[in-house]
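Notes follow the structure.
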Amino acid sequence: MAALDAVLARIDANQEAALGRLFRLVAIESVSTDPAFAGECGKAAEFLRAELESLGFEASVRPTEGRPMVVAHAAGERPDVPHLLFYGHYDVQPPDPLELWETPPFEPRIVEAETGKRIVGRGVSDDKGQLMTFVEAARAFRETGGLPCRVTILLEGEEETGSPSLPAFLAANKPELSADLALVCDTSMWDRKTPAITTMLRGLVLEEATIESADRDLHSGMFGSAAVNPIHVLAKIIAGLRDDAGRITLPGFYDGVAEPPEEIVERWRALNFDEKAFLGAVGLSTPAGERGRSALEMIWSRPACDVNGIAGGYQGEGSKTVLPARASAKFSFRLVGGQDPQKIAASFRDYVRASLPPDCRASFVSHGASPALALPFSSESLSRAGRALQAEWGVEPALIGSGGSIPIVGRFKSDLRMDTLMIGFALDDDRIHSPNEKYELNSFHKGARSWARVLHALSL
Ligand code: BES
Ligand code: MN
Ligand code: MN
């Protein structure tokens, strides 16, 4: 087996070139939600296929009904060690609002900051820089002898839209995609100095509701208050979703929600989460969710409901005395524990329908539904990965939860019978999904070194 030191030295020596490769990937506008960028998603997939092929992987781009998958296989030096599946996503969120970017989102550049150099560009942290940490580790193994174990890589282009094509793709390619353990690099560190293994992700239900009333927009003086206003109806529905204590009012919403075991609560307490600093970093001061809960609980172990967008009526400059005929809003529900995504979507729709006054109709679109995920807190592979991370960062990794969702990870267990390790090097201030997204060179460099150590540790 290639000596680990040689692999690490190779990663260090490759840094310049590695950055060039990441820049080329970030420059591809692989926004998955907008069909206008489907061609760019294809380009990103092809870029990664070629990249993996040059590293000795047998790599292919596989079409789906949506964006293509990239699948790659490489044999390891030893047959008696675990076969690993690495998962990441090459798609990115839309860069909007464009005017808030200091430099164009798809022209990555290096910026000097107090905490060191960083790369700025859409998707550089979520998830292109992160997935390239693994690819660069694989490159260094390749250039110094070979991978220590058999590796399969699965990169998708629809994570940011809820991975609609992936369940069927997993089902259709079960033997090819099954391994002993899945690795995911799409999560954060605990802080700049402390690496993390994420053991919990929240689930997600995305619903769009539209309320319609009159058969046309009306003059608000001629019809106001005589005609029902769907924006008022929608506003009342939204307001009614939470009570004064911040609890979600949907019937059955908390079914399957449990307090985390004392052992986990204890561990989280020991992390000494700085709530003031967390909110202060984004210009806020007071947790706004369920009364009596800490901000960390709100994000890691409690479900939530948010309105992500609202539309209706006149949105242009100036005023218009219009009584609109329709209003709509996009809702997201973050789920924990055993909450059932289908039941929650149904409960939401029932509530909206039951809240309608005469002459109003509601229609709904689902934009995806996935359950929460909780991985074991201890296992042989977790201990090995933990020691590997400690060797790189000099501190024991934190076992953390995450407020975000990665819809497919639950399926690795339910459909492919694999456990997953989620290790990532993003920082909470990376501005993922926001303007001026960045990934620090330290994350990129030490991330690759961390994967080299983890692969080595899992192959002993
Ligand atoms: N990488 C994120 C999820 C994440 C964020 C994990 C922060 C850990 C820390 C992922 O790409 C993401 O944004 N997921 C979406 C899913 C959705 C668009 C279907 C999310 O959580 O909103
Ligand atoms: Mn991601
Ligand atoms: Mn994302």
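The values are calculated or read from the model by the stated rules, or taken from the named source; none is laboratory data. A quick note: this is a predicted structure, and the numbers were derived from the prediction, not measured. Please note: Cβ atoms are built from the backbone with ideal geometry, for glycine as well, and neighbour counts cover all protein chains shown. Remember, those area values only see protein heavy atoms, side chains included, never the ligands or the DNA or RNA. Shrake-Rupley method; radii C 1.70, N 1.55, O 1.52, S 1.80 Å.
Structure above, values below:
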read-out: E263, sole failed condition from (1) open to solvent by 90 Å² or more (accessible area, probe 1.4 Å); (2) within 16 Å of ligand 1 (Cβ to nearest atom); (3) outside the structural domain of N229 (by TED's automatic domain parsing); value: (2)
read-out: Answer from V409, V365 - the residue that is within 16 Å of ligand 1 (Cβ to nearest atom) and assigned by TED's automatic domain parsing to the domain that holds D12; value: V409
read-out: Failed item in (1) surrounded by 11 or more Cβ atoms within 10 Å (Cβ to Cβ); (2) at pLDDT below 95; (3) in a loop (DSSP other than H, G, I, E, B), with V282 passing the rest; value: (1)
read-out: Which numbered condition E114 fails, given (1) of a type in the set (D, E); (2) within 16 Å of ligand 1 (Cβ to nearest atom); (3) without any contact (Cβ under 8 Å) to a residue 40 or more places away in the chain; value: (2)
read-out: Test: residue in region 373-388 that is modelled with pLDDT of 95 or more and of a type in the set (F, W, Y); value: no
read-out: Subset of region 159-175 [in contact with a His (Cβ under 9 Å, 6 or more places away or on another chain), open to solvent by 30 Å² or more (accessible area, probe 1.4 Å) and either more than 16 Å from ligand 2 (Cβ to nearest atom) or of a type in the set (G, A, S) (or both)]; value: G162
read-out: Complete set of residues in region 299-322 that are in contact with an Asp or Glu (Cβ under 7 Å, 6 or more places away or on another chain) and touching a residue at least 60 places away in the same chain (Cβ under 8 Å); value: V322
read-out: Any hit, region 97-111, residues being of a type in the set (S, T, N, Q) and away from ligand 2 (no atom under 16 Å from the Cβ); value: yes
read-out: Those residues of region 175-232 which are touching a Lys or Arg at 6+ places or on another chain (Cβ under 7 Å) and in a helix (DSSP H, G or I), in sequence order; value: P230
read-out: Residue match in region 23-40 (condition: acidic (D, E), open to solvent by 30 Å² or more (accessible area, probe 1.4 Å) and part of a loop (DSSP other than H, G, I, E, B)); value: yes
read-out: Residue among A245, A327 that is at pLDDT 95 or above, assigned to a loop (DSSP other than H, G, I, E, B) and open to solvent by less than 90 Å² (accessible area, probe 1.4 Å); value: A245
read-out: The one condition in (1) closer than 30 Å to D80 by Cα; (2) buried (at least 24 other Cβ atoms within 10 Å of the Cβ); (3) within 14 Å of ligand 1 (Cβ to nearest atom) that A138 fails to fulfil; value: (3)
read-out: Residue within region 119-128 that is more than 16 Å from ligand 3 (Cβ to nearest atom) and in a strand (DSSP E or B) present; value: yes
read-out: Matching strands (runs of 3 or more DSSP E) fully within region 47-106 where at least 1 residues are away from ligand 1 (no atom under 16 Å from the Cβ) and surrounded by fewer than 20 Cβ atoms within 10 Å (Cβ to Cβ); value: 58-62, 69-74
read-out: Flag for E156 being within 13 Å of ligand 1 (Cβ to nearest atom), of a type outside the set (K, R) and outside the structural domain of L100 (by TED's automatic domain parsing); value: no
